[in-house]
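Here's the structure we're looking at; comments come further down.
The values are calculated or read from the model by the stated rules, or taken from the named source; none is laboratory data. Since this is a predicted model, take the numbers as computed values, not measurements. Reconstructed Cβ throughout: ideal geometry from the backbone, glycine too, with neighbour counts over all protein chains shown. SASA here: full protein model, heavy atoms, side chains in, ligands and nucleic acids out. Shrake-Rupley method; radii C 1.70, N 1.55, O 1.52, S 1.80 Å.
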Amino acid sequence: MDTDVQLTERDPSPAPDQGPEQGSRFARFTARSAGLRHRPVTLLALCLAFVLLLSAFVAQPFLIPSSSMENTLQIGDRVLVNKLAYRFGTEPARGDVVVFDGTGSFVHREQGENPVTGLLRATGAALGLARPAETDYVKRVIGIGGDHVTCCDERGRIEVNGEAVREGYLHPGDAPSSVTFDIVVPEGKLWVMGDHRARSSDSRDHLGDPGGGTVPVDKVIGRADLITWPVSRWRTLSAPITAAAGSRG
């Protein structure tokens, strides 16, 4: 009997069932692996949302679609549009290069576009990867509210408030304007022109439209401050309009 007792005492107890713990460990591992797989997608979505918010309210890259601002801006350039430039009481100044919505001033018809295509285009435009909306323009401010802008004087120059202006930014070989005009810019409006006057459709082309070719200040999207791409053309955009030397002579 002693032998039986000893054998009974040495007999190990059955190993506990490890199934549930192993299952829980496997589930945690699977969840962790899934999280790691989806993390890059989540980070990409967050980054995209941040960039779109920044583009909507602070600064937006803008793809130059035409030659109307050459040689200052060339087709394919990306410029950084400062959307805060006129947000806190400051208004556009003569010489500023601005991006604006031409609806109601340069465009007087509805622009039909497929909603899905429009969304994709708007997203691409917000990132500077696609052409902007057909109603968005980039031009230089020549006259602000209250200015008397005329063209041309006896030397073929534009005058603002009776003073001929120096326009060193004009495309080589271009005259200040081949169209004569004489306008007092209404308050809250802008008279805008492209730097490549021979290829620019600007305020001159809309003299007979409602508003007389002027653009409402509240339609200005922002000021183009910097060429960001290509790198070889990286520079700021600043060319205030000043009176030409000996303008009255």
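General remarks:
- Conditions (1) open to solvent by less than 60 Å² (accessible area, probe 1.4 Å); (2) at positive phi; (3) in contact with a Gly (Cβ under 9 Å, 6 or more places away or on another chain); number of the one not met by Gly212: (3)
Here's the yes/no breakdown for (1) outside any strand (DSSP E or B); (2) out of contact with any strand residue (DSSP E or B) (no Cβ under 7 Å at 6 or more places or on another chain); (3) surrounded by fewer than 16 Cβ atoms within 10 Å (Cβ to Cβ):
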site	(1), (2), (3)
Gly168	yes, yes, yes
Pro172	yes, yes, yes
Asp182	no, no, yes
Val192	no, no, no
Asp195	yes, no, no
Asp205	yes, yes, yes
Gly208	yes, yes, yes
Asp218	yes, yes, yes
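- Among residues of the range 58-97, those that are under 15 Å from Asp136 (Cα atoms) and aromatic (Phe, Trp, Tyr), counted: 1
- Any hit, the range 239-247, residues being modelled with pLDDT of 95 or more and either more than 25 Å from Asn71 (Cβ to Cβ) or open to solvent by less than 10 Å² (accessible area, probe 1.4 Å) (or both): no
- Per the conditions (1) within 19 Å of Gly76 (Cα to Cα); (2) modelled with pLDDT under 95, the sole criterion not satisfied by Lys139 is (2).
- Within the range 73-96, being open to solvent by less than 10 Å² (accessible area, probe 1.4 Å) and within 16 Å of the chain's Cα centre (by Cα) holds for Leu73, Asp77, Val79, Val81.
- Residue within the range 222-234 that is surrounded by fewer than 17 Cβ atoms within 10 Å (Cβ to Cβ), of a type in the set (A, V, I, L, M) and farther than 23 Å from Asp101 by Cα present: yes
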